[in-house]
Amino acid sequence: GMSVLTLVRHGQASYMSEDYDRLSALGEEQSRKLGEFWVRHEIVFDVCFSGPARRHTRTVEIAGEAVREAGLPWPNVQIVAELDEFDAFRVARELTPLLIDCDPEIRRLNEEFFSNRHSPEAGRLLQKLFEAVSRSWCSGQYDIPDLESWAQFRARVQRAIDEIRQATSGGKNVALFTSGGVIAATVARVLDLSPERAIEFVWLTRNGSFSEFLFSGERFSMHSHNSIPHFDERRLLTYR
């Protein structure tokens, strides 16, 4: 039978703080709402995987707790290192100086961020800069030795997902907790998107949302993306 792979993006992390890899209070609430949604709909997972980051494992922990508290079964979580996000901070740190020299738009965004870095706008401006730098990174024109390229990242995610598909075929319900990049790479693969189209899904994917994929043998297709039926208030809708 057809198996379902549900990719969950972690709850909101601590953006712009010293330690990004920690759920915010809102991120914890998003994770709990997700578990409660699965309880209401009696959705039970056979297998559960998580990326290695704390924001991934904490999202699983909270959602799983809500499921178990309601008396429904929740599988043991298997940590998969390959399901970690690409190193966005390193991409930004190493590529921005190179791009400032040859890309007037990135130079402008960088100056705008620096001159406003102590204002309430800082987070939004940093995000704009990061998106522009990421678009250049994913094109493959600026590959740097020892910095994972978009192509290498996609291949790493594909390997991990393929191993999971092989291990969970035959009508299994599989949950996988990870980051926006892993979801973007998987969407890109099933829809055959160019890197430039694919990278947009990194910041389109909402915190605590889920995207479903169907698989059986060679077949692998997208069933939903960015689903948030468990969020009934605007304040729960965050992207970073």
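The values are calculated or read from the model by the stated rules, or taken from the named source; none is laboratory data. Given the structure is predicted, the values throughout are model-derived calculations rather than measurements. Cβ coordinates were reconstructed from backbone atoms using ideal geometry, including for glycine residues, and neighbour counts include every protein chain displayed. Side chains are part of the model used for accessible areas, which takes the heavy atoms of the whole protein and leaves out ligands, DNA and RNA. Shrake-Rupley method; radii C 1.70, N 1.55, O 1.52, S 1.80 Å.
Only helices at least 15 Å long along their own axis, judged from Cα atoms, and with Kyte-Doolittle mean hydropathy of 0.5 or greater: name those in the chain from DSSP H. Display every interim value, and only then the final one.
Details: long enough: 25-40 (23 Å, -0.81); 54-69 (22 Å, -1.06); 88-102 (20 Å, 0.71); 104-115 (16 Å, -0.96); 122-138 (24 Å, 0.10); 150-167 (26 Å, -0.73); 180-191 (16 Å, 1.69).
Span-like helices here: 88-102, 180-191.
Could you order peptides 118-125, 52-59 by the average number of other Cβ atoms within 10 Å of their residues, highest first? All intermediate terms of the calculation are to be shown ahead of the outcome.
Details: 118-125: 12.1, 52-59: 21.8.
Put in order of decreasing packing, that is 52-59, 118-125.
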Worksheet, complete the sentence: Expressed in angstrom, Rg and Dmax over the Cα atoms of region 32-113 are 19.9, 58
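What dipole magnitude, in Debye to the nearest 20, does the chain give about its Cα centre under +1 on Lys/Arg Cβ and -1 on Asp/Glu Cβ?
On the way: 29 positive and 35 negative charges, 78 e Å.
Result for the chain is approximately 380 debye, rounded to the nearest 20.
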Worksheet entry | In nm, spacing of pseudo-spin labels at Ser227 and Leu147 (7 Å Cα→C-beta vector) | 3.7
Discussion item. With a cut-off of 8 Å between alpha carbons and a minimum separation of six or more residues, what is the relative contact order of region 38-129 in percent?
Written reply: 24
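Given +1 on the Cβ of Lys and Arg, -1 on the Cβ of Asp and Glu, and no further charges, what dipole in debye does region 121-197 carry about its Cα centre, rounded to the nearest 20?
Numbers: 10 positive and 9 negative charges, 56 e Å.
Here region 121-197 has a charge dipole of around 260 debye.
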Discussion item. Going by Cα centres, region 130-197 and region 79-95 are how many Å apart?
Written reply: 11
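From the helices alone, meaning DSSP H stretches of at least four residues, give me the mean residue ellipticity at 222 nm for the chain, per-run term -39500 (n - 2.57), in deg cm²/dmol to the nearest 500. Don't skip to the answer; put the middle values down first.
Details: 8 runs with 116 residues, N = 240.
Result for the chain: -15500 deg cm²/dmol, rounded to the nearest 500.
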Discussion item. Of Val47, Leu72, Ala88, which is farthest towards the positive pole of region 36-96's charge dipole, taken about the Cα centre with +1 and -1 on the beta-carbons of Lys, Arg and Asp, Glu respectively?
Written reply: Ala88
Item to complete: Could you size up the charge dipole of region 46-151 around its Cα centre, putting +1 on the beta carbon of Lys and Arg and -1 on that of Asp and Glu, and report it in debye to the nearest 20?
Response: 360
Discussion item. I'd like to check one number: the per residue accessible area of the chain, probe 1.4 Å, reported in Å² as a whole number.
Written reply: 48
Worksheet entry | Among 177-187, 154-164, the order from most to least packed when residues are scored by Cβ within 10 Å on average | 177-187, 154-164
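I need the shape label for region 135-180. Rule: rounded when a/c is under 1.5, else prolate if a/b > b/c, else oblate, with a, b, c from the alpha carbon gyration tensor.
Values: a/c = 3.72, a/b = 2.76, b/c = 1.35.
Prolate, since a/c reaches 1.5 and a/b exceeds b/c.
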Discussion item. Please list, in order, the residues from region 226-240 whose amide nitrogen is less than 20 Å from a point placed 7 Å along the Cα→Cβ vector of Arg40.
Written reply: 226-238
Fill in: Relative contact order %, region 57-194, counting alpha carbon pairs below 8 Å whose residues are six or more apart
29
Practice prompt. Rounded, prolate or oblate: pick one for the chain, where a ≥ b ≥ c are the square roots of the eigenvalues of its C-alpha gyration tensor, a/c under 1.5 means rounded, and failing that, prolate if a/b is larger than b/c, else oblate.
Written response: oblate
Worksheet, complete the sentence: With label points set 7 Å from each Cα along the Cα-to-Cβ direction at Glu105 and Ser194, the distance between them in nm comes to 1.3
Worksheet item: Of the accessible area of region 106-240, with the probe set at 1.4 angstrom, what percent is carbon plus sulfur?
Response: 47
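If you take every DSSP beta bridge fully contained in the chain, what fraction is antiparallel? Give it as a percent rounded to 5. Don't skip to the end; give the middle numbers.
Values: 13 of 26 bridges.
So the antiparallel bridges in the chain amount to around 50 percent.
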Worksheet, complete the sentence: Note, Ser149: beta-carbon cut-off 13 Å, +1 each Lys/Arg, -1 each Asp/Glu, net -2
Discussion item. So if I restrict to the alpha-carbon atoms in region 110-151, what is the Rg, and what is Dmax, the biggest pairwise distance, in Å?
Written reply: 12.8, 36
